[in-house]
Amino acid sequence: MLKGKRILLIVTGGIAAFKAQELIRLLRKHEASVRCVLTDAGAKFVTPLSLQALTEDKVYSDMFSLTDESEMGHIQLSRDADLLVVAPATANILARMAGGLADDLATTVLLATDKPVLAAPAMNVRMWTHAATQANVETLRKRGIQFIGPNDGAMACNEYGPGRMSEPEEIVTAIEALLTTEKPPLERPPLERPLAGKRALVTSGPTREAIDPVRYISNHSSGKQGHAIAAALAQLGADVTLVSGPVGVADPAGVTVVKIESAEQMLAACLAAGKVDVAVCAAAVADWKMAKPASAKIKKKAGSAPPALELAPNPDILATLSKPGPKRPALVVGFAAETENLVANAIEKRTRKGCDWIVANDVSPASGTFGGERNTVHLITAQGVQDWPTLSKERVAMQLAGAIALHLTRKRPAEAAE
Ligand code: CTP
């Protein structure tokens, strides 16, 4: 989607400037071209040389460079771009943009441009929540500047809260959204809450199938990935219902959590959630339950053989939600937990279950996925397979939520995210 697009990336002075390098790498992977303007403060965090190597282009810093002015004036810099991205955007540059200053190359380009501008703020939590910064952001929003983030999280200054720059993958998703919408700047939905007004259903964790009142059949699912997806969808503005089996992870903030034990209870809770725009089935649902769970604890009997467990199939929640009809969500996403032939099995699973996308992940013990912090996934759609790099489960969740937002908000949904 970004092939041939020209991004002018303005890198200002914050600790998050190092993430600008990953952003350039990702944009170039998407076949966009990137040209950088680096402020003096930005140059304290990243070198012009590293940005030049990554962009394979000259890095522009000096407002009064005679060569630059003859080769490439500051007006031309912004004219040659499809989009201006300020990442990281410090409190200082936001204030200078809001005030209409043109006291260095970055602010001059920003004042002179007629192109869309996306800012990814990054600063200390108190600086972000300060009334001055919030007023500046409000002013800039009213002028059509788009914002992505900041995210909540632990910060370099040992504080916690909003202020962390959005991850490069999230910024790329926001750039794609901006460059593919035809709406004028002031009519675009805010990028940081593109799922506002949409309903999402997420299943997470394992199910427990009772053998008797004290024993059960279950699996190793930790719920980390499913819970992170519910949190990411809520962060993008969706009204999220999370149906969760028994897990040790905390309920995500701002999400309606329905706690269940068995697969049958999970299905009933999913159906009770009503019509949703997107369903993500990340739960590791037990495929089988006891045909007849014992109503009292099964006792050992001296000399007799261990009891045989007669199993019966559980309902398939993903397949049920994927059935065509007026209640079907616009997008149904399943997971494929595989220990071998990952992609081939997942492609087959997408067709068999009738869902739109499958997130395939390797759960062989060597991968460390179950209970681990990181995940290597492949996104399987009708159009093909996207191999994602190994990411934290939070970043997989955010990237998936971004792809979902893009799919649900684009003009021609059938072509999204592929
Ligand atoms: N799933 C579900 N209900 C079930 C079983 C699975 O909703 N009874 C969903 C999971 O949440 C996941 C997807 O189906 O999104 C695939 O789960 P997986 O365990 O990989 O597949 P299975 O259907 O169990 O197939 P297999 O025999 O390959 O394990």
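The values are calculated or read from the model by the stated rules, or taken from the named source; none is laboratory data. Just so it is clear, the structure is predicted and the values come from calculations on it, not from any experiment. Quick reminder, even Gly has a Cβ in these numbers, built from the backbone with ideal geometry, and neighbours come from all protein chains shown.
The rows are residues; the columns are (1) away from the ligand (no atom under 16 Å from the Cβ); (2) in contact with a helix residue (DSSP H, G or I) (Cβ under 9 Å, 6 or more places away or on another chain); (3) at pLDDT 95 or above; (4) outside any helix (DSSP H, G or I).
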{"position": "PRO189", "(1), (2), (3), (4)": "yes, yes, no, yes"}
{"position": "GLU192", "(1), (2), (3), (4)": "yes, yes, no, yes"}
{"position": "THR203", "(1), (2), (3), (4)": "no, yes, yes, yes"}
{"position": "ASN219", "(1), (2), (3), (4)": "no, no, no, yes"}
{"position": "PRO246", "(1), (2), (3), (4)": "no, no, yes, yes"}
{"position": "GLU264", "(1), (2), (3), (4)": "no, no, yes, no"}
{"position": "LEU267", "(1), (2), (3), (4)": "no, yes, yes, no"}
- Query: With respect to ALA119, is the statement that it is in contact with a Phe, Trp or Tyr (Cβ under 6 Å, 6 or more places away or on another chain) and outside any helix (DSSP H, G or I) true?
  - Reply: yes
- Task: Determine, yes or no, whether ARG164 is surrounded by fewer than 23 Cβ atoms within 10 Å (Cβ to Cβ) and either more than 30 Å from TRP388 (Cβ to Cβ) or not polar (S, T, N, Q) (or both).
- Result: no
- Query: Within segment 136-147, can one find any residue that is outside any helix (DSSP H, G or I), of a type in the set (S, T, N, Q) and assigned by TED's automatic domain parsing to the domain that holds PHE18?
  - Reply: yes
- So how many residues does segment 1-26 have that are within 15 Å of LEU178 (Cα to Cα), part of a loop (DSSP other than H, G, I, E, B) and in contact (Cβ under 8 Å) with a residue 60 or more places away in the chain? 3
- Find all pairs meeting these conditions: Cβ atoms under 7 angstrom apart; at least six residues apart or on different chains; first residue within segment 252-281 and in the same structural domain as PRO315 (by TED's automatic domain parsing) and on the phi < 0 side of the Ramachandran plot; second residue of a type in the set (A, V, I, L, M, F, W, C) and in a loop (DSSP other than H, G, I, E, B). ALA263/VAL285; ALA263/ALA286; MET266/ILE260; MET266/ALA283; MET266/VAL285; ALA269/ILE260; ASP277/ALA330; VAL278/ALA330
- Being modelled with pLDDT under 95 and under 16 Å from GLY42 (Cα atoms) narrows SER65, SER61, SER78 down to just SER61
- Task: Determine whether GLY237 is outside the structural domain of GLU169 (by TED's automatic domain parsing), away from the ligand (no atom under 15 Å from the Cβ), closer than 20 Å to VAL333 by Cα and part of a loop (DSSP other than H, G, I, E, B).
- Result: yes
- Message: Of the residues ALA286, ALA282, ALA291, only one is touching a strand residue (DSSP E or B) at 6+ places or on another chain (Cβ under 7 Å), small (Gly, Ala, Ser) and under 21 Å from ALA232 (Cβ atoms); which?
- Response: ALA282
- Right, ALA106: closer than 30 Å to ASP152 by Cα, buried (at least 23 other Cβ atoms within 10 Å of the Cβ) and either outside the structural domain of THR181 (by TED's automatic domain parsing) or modelled with pLDDT of 95 or more (or both) or not? yes
